Amino acid sequence: MTDRPEYDRFVAERSPRLLRVAYLMTRDWGAAEDLLQSALIKVWFAWSRVRGDPEAYVRRIIVTTHISFRRRRSSGEIPWPDPDSGRGYLPDPAAEHAERDAVWQVLGRLPARQRAILVLRYFEDLTEAQTAEVLGISVGTVKTHASRALAKLRDITELRAHAEELTR
């Protein structure tokens, strides 16, 4: 047992929501669980210094830990599907699943900071000011990165739609 009942209560109440944030950042449940676990460990050590809303503090740790992990991994190996399975990734034939998958793929092409801003702004429904506070950047930077990320999403989806029209 820990000597921090407020921390235990916080983890019990807020973990599902924070896991969703981690999942939206990583797009993988296993990686999201690991990311959340790492963030909660860091918060446990800093719990006595946490002031204000601890959820915002944990969100920031999730984002910065994810960005740091991606930087370290960016020069490493690139995972591929199991070559022995005889097949690669097959998209789901259902239209809604295919569309959702396309969104995940497009989000995955964005730089980590832009993805973090979109996740916090549009999936977590935070204001620009709250997003800026979580990431430790200015509101103007949030607006700029969100605008650029949305423009990239539009460009990629327009290119995909144009390619589909050409193949018909």
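The values are calculated or read from the model by the stated rules, or taken from the named source; none is laboratory data. All figures in this text were calculated on a predicted structure; none of them were measured in a lab. In this analysis, Cβ positions are derived from the backbone assuming ideal geometry, glycine residues included, and neighbour counts consider all displayed protein chains.
Summary of computed values
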item: Odd one out for GLU124 among (1) surrounded by 16 or more Cβ atoms within 10 Å (Cβ to Cβ); (2) modelled with pLDDT of 90 or more; result: (2)
item: In the range 1-31, the residues that are of a type in the set (S, T, N, Q) and surrounded by 13 or more Cβ atoms within 10 Å (Cβ to Cβ); result: SER15, THR26
item: One residue from LEU107, LEU159 being surrounded by 11 or more Cβ atoms within 10 Å (Cβ to Cβ) and either part of a helix (DSSP H, G or I) or at pLDDT 60 or above (or both); result: LEU107
item: Odd one out for THR131, checked against (1) over 19 Å from SER68 (Cα atoms); (2) modelled with pLDDT of 90 or more; (3) polar (S, T, N, Q); result: (1)
item: Number of the condition not met by LEU126 [criteria: (1) farther than 14 Å from ILE61 by Cα; (2) of a type outside the set (D, E, K, R); (3) more than 15 Å from the chain's Cα centre (by Cα)]; result: (3)
